[in-house]
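To start, the structure under review is shown below, and the notes come after it.
Bear in mind these aren't lab numbers, they're just calculated from the coordinates by the rules spelled out. What you see is a predicted model, and the numbers here were worked out from it, not measured in a lab. All Cβ positions, glycine included, derive from the backbone under ideal geometry; neighbour counts span all protein chains shown.
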Amino acid sequence: MAGDVAAARLAGARRAPVAGHLVAAVVVFGSWELYGRLGNPLLLPPVSDVLVGLVEITVNGALPAALFSSLQLLALGFGTSLVAGTLLGILIGRYELAHRVFGPFLNALYATPDIALLPLILLWFGFGMPGRVVVVFLAAFFPIMINTYAGVRDAPRDLLEVAASFGVSSEVARLRRVVLPAALPLIMAGYRLGIGRAVVGMAVAEVYLRLGGIGALIVQYGAAMRTDLLLAAILPLPLLGIALTKVFERIENRFQYWRHS
Amino acid sequence: MTTDTTGTVVQPKIRLSGIEKTFRWTRRGRQEVVPALGGVDFDIRPDEFLSVIGPSGCGKTTLLRIIAGLEAADAGAVRIDGREVTGPGPERAMVFQAFGLFPWKTVLDNVMFPLTIRKVPAAEAAERAREQLRRVGLERFATSHPHQLSGGMQQRVGIARALATDPEILLMDEPFGAIDAQTREYMQEELMRIWAETRKTVVFITHDLDEAVLLADRILVLSRGPGQVRRVVDVDLPRPRWEYDVRAHPAFAAVRNEIWQLLRDDLRAQTEQEISGGR
């Protein structure tokens, strides 16, 4: 079977990078361990110490509690971003008037670094949950909005005509039957980019606004010069980012299969 | 009212009266005007297979889109069974040159689409869609996606979809134009068979002389743009035409030649105009 051959080839191609990853991991973590043992453990503790630290803060409950609080912030910020980014993206992608009205403001906001807005967000929304949610929201909003906009704007005109010829006449039906299904792969790609940004926004909000969640742990261990625990607290961030991105990549691929033509 | 070859009076299925269309748009500050149709008057009979042929740019696709209700004429009217067309309607269904299948839908869902839009209950819609897939021989591809099928198969899905609502009129816009030559011959035969089974009024746009003659009861030849009725040619070839070698029939060559002469005159005039810089 041709399919089996192709599948076998694909598996072979996947095995090679795995071996590559392993070699890279051994080299990086090996030299880190070595440097940590020979040099100043305050600046860079050996990997083994970091792992011990990770177990320590997991067992004493500090990390799970922080993670739970961080995830709440992430869910709120990313959730609102997802809804608002999608709706606004549809609006400016589909309606010229909305594009002209909102376009310049969105472009200006997009060009402004989020970090420059932090003092303003602090003033407007305070140190509490609302301010932190706004930071996460802003981080994830633009990839979602811009991808939705692009997908909706490039709605296939020929398929809109096909739909019209079979009796699709309302704008809601056009969106539901043609525009959104056609834009879905791009919209899902926007969600995937957005979730990665949201994790970054979450850490920024927790460190710079009010200490809380993982961010609080990082600052606290840093101040105490517990570099091993500090690194152990940072570790969940990239892992979380990668894991969530992978989840959305999976979902995205489910909507992507028909695009291979 | 029109009279057919036997002299009986027939109510037209589709009446085109004074259809005019001009495309206007502005490019780099300059107003561009392209006249597409310059007053088309024509009656299409019930259950006839009408081929429409003409030089490129004669507005044949525009004419079909106006009949479909996808485009409004600047002047004139399309009447179906006496009622004026103001938009797409369930008694008409279209088959597109580029197939126009929804790539994210399965074959079955594509065929169900017109039924879903017309609010047919899902179970009944699926049953009727399967019936049409059976007709075009694609039932076992119901769960495939369009990109997994060849061009010819995709257009069979397009035809099944058009048949799903059991329309009275099939509007076909060069449906086999994007399909390779051998598959095209097979598709033509299949279309003749489907038409014999279902008896619909077919308006078939093509730029292929052989195809026009092979399929049609009558051929409407349009003049070069702005398109007008140049001539109407009857095709008196016995049916069913898949049972003998139509192309070897003397009437086939005669009709083909008649149309070719008409088109050649237009092509020559167009070329001379282009050479003298008239364009």
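Is the C-alpha gyration tensor of the stretch B:9-115 telling us rounded, prolate or oblate? Criteria: a/c under 1.5 is rounded; beyond that, a/b larger than b/c is prolate, otherwise oblate. Don't skip to the answer; put the middle values down first.
On the way: a/c = 1.99, a/b = 1.11, b/c = 1.78.
It comes out oblate by the Cα gyration axes.
Relative contact order for chain B: what is it in percent, counting Cα pairs under 8 Å that are at least 6 residues apart? The partial results should precede the final answer.
Values: 509 pairs, mean separation 65.1, N = 279.
Averaging sequence separation for qualifying contacts and normalising by length gives 23 percent for chain B.
Count, for each residue of A:114-126, the Cβ atoms from other chains sitting within 10 Å of its Cβ, then give me the mean as a whole number. Don't skip to the end; give the middle numbers.
Details: counts 0, 0, 0, 0, 0, 0, 0, 0, 0, 0, 0, 0, 0.
Rounded to a whole number, the mean comes out at 0.
Does anyone have the angle between helix B:250-275 and the longest principal axis of chain B? Alpha-carbon axes, 0 to 90°, nearest 10?
60
Could you work out the helix-only [θ] at 222 nm for the protein assembly as shown, with each DSSP H run of four or more residues adding -39,500 (n - 2.57) and the total divided by the number of residues, to the nearest 500 deg cm²/dmol? Let's see the in-between values first.
Numbers: 19 runs with 315 residues, N = 540.
Helix-only estimate at 222 nm: -19500 deg cm²/dmol.
Could you tell me the relative contact order of chain A? Use alpha-carbon pairs under 8 Å, at least six residues apart, and round to a whole percent. Let's see the in-between values first.
Values: 282 pairs, mean separation 62.4, N = 261.
Once divided by the residue count of chain A, the mean separation gives 24 percent.
Normalise the Debye intensity by I(0) for chain B, one equal point scatterer per Cα, no solvent, then take log10 at q = 0.09, 0.12, 0.14, 0.16 Å⁻¹ and round to two decimals.
-0.45, -0.80, -1.07, -1.33
At R0 = 41 Å, how high is the FRET efficiency between B:R239 and A:N253 if r is their beta carbon distance? Nearest 0.05 is fine. Present the calculation step by step, with values, prior to reporting the outcome.
Values: r = 51 Å, r/R0 = 1.24.
The value I calculate is 0.20.
With each label point set 7 Å from Cα along the Cα-Cβ vector, what nm distance links A:L120 and A:V59?
Result for the modelled spin labels: 4.8 nm.
What dipole magnitude, in Debye to the nearest 20, does the protein assembly as shown give about its Cα centre under +1 on Lys/Arg Cβ and -1 on Asp/Glu Cβ? Each step should come with its number before you reach the end.
On the way: 58 positive and 53 negative charges, 224 e Å.
Charge dipole, the protein assembly as shown, about its Cα centre: 1080 debye, nearest 20.
Relative to the longest principal Cα axis of chain B, at what angle does helix B:181-198 sit, 0 to 90 degrees, rounded to 10?
With both axes taken from Cα atoms, the answer is about 70 degrees.
Just for chain B, what percent of DSSP beta bridges are antiparallel, to the closest 5?
Around 60 percent antiparallel, to the nearest 5.
Nearest 5 is fine: what % of DSSP beta bridges in the protein assembly as shown come out antiparallel, could you say? If you can, show how the numbers build up before the last one.
Values: 26 of 44 bridges.
Looking only at bridges with both residues in the protein assembly as shown, the antiparallel portion is about 60 percent.
Going by alpha carbons, how many degrees (0 to 90, nearest 10) lie between the helix axis of B:122-135 and the longest principal axis of chain B?
On a 0 to 90 degree scale, this one is about 60.
Out of the stretch B:100-185, which trypsin sites (Lys or Arg not before Pro) are coil in DSSP terms and have no more than 14 other C-beta atoms within 10 Å? Please list the in-between numbers first.
Details: sites: B:K105, B:R118, B:K119, B:R128, B:R130, B:R134, B:R135, B:R140, B:R156, B:R161, B:R184; in loops: B:K105, B:R118, B:K119.
Sites meeting the loop and neighbour criteria: B:R118, B:K119.
Amide H neighbours of B:C58 under 5 Å, at least 5 residues apart or on other chains, H built in the peptide plane: list them.
Sorted by chain and number, the residues that satisfy this are B:G225.
Counting only Cα atoms, I'd like the Rg/Rh figure for the stretch A:44-260, Kirkwood definition for Rh.
Values: Rg = 20.8 Å, Rh = 19.2 Å.
Across the stretch A:44-260, the Cα-based Rg/Rh ratio is 1.09.
Round to a whole angstrom and tell me the spacing of the C-alpha centers of the stretch B:164-179 and the stretch B:216-255.
19
Any idea how many Lys pairs in the protein assembly as shown come in under 25 angstrom at the alpha carbon, given 8 or more places apart or on separate chains?
Values: B:K13/B:K21; B:K13/B:K60; B:K13/B:K200; B:K21/B:K60; B:K60/B:K200; B:K105/B:K119; B:K119/B:K200.
Step by step, the pairs that qualify in the protein assembly as shown add up to 7.
With a length cut of 20 Å (Cα positions projected on each helix's long axis) and a Kyte-Doolittle mean of at least -1.0, go through chain A and give me the DSSP H helices that pass. Mind showing how you got there, number by number?
On the way: long enough: A:2-38 (55 Å, 0.71); A:62-94 (47 Å, 1.53); A:96-111 (22 Å, 0.54); A:129-153 (34 Å, 1.32); A:180-208 (40 Å, 1.23); A:236-254 (27 Å, 0.28).
Qualifying helices, which must be both long enough and hydrophobic enough, are A:2-38, A:62-94, A:96-111, A:129-153, A:180-208, A:236-254.
Using the alpha-carbon centroid of each, what span in Å lies between the stretch B:194-209 and the stretch B:84-106?
What the calculation gives is 16 Å, centre to centre.
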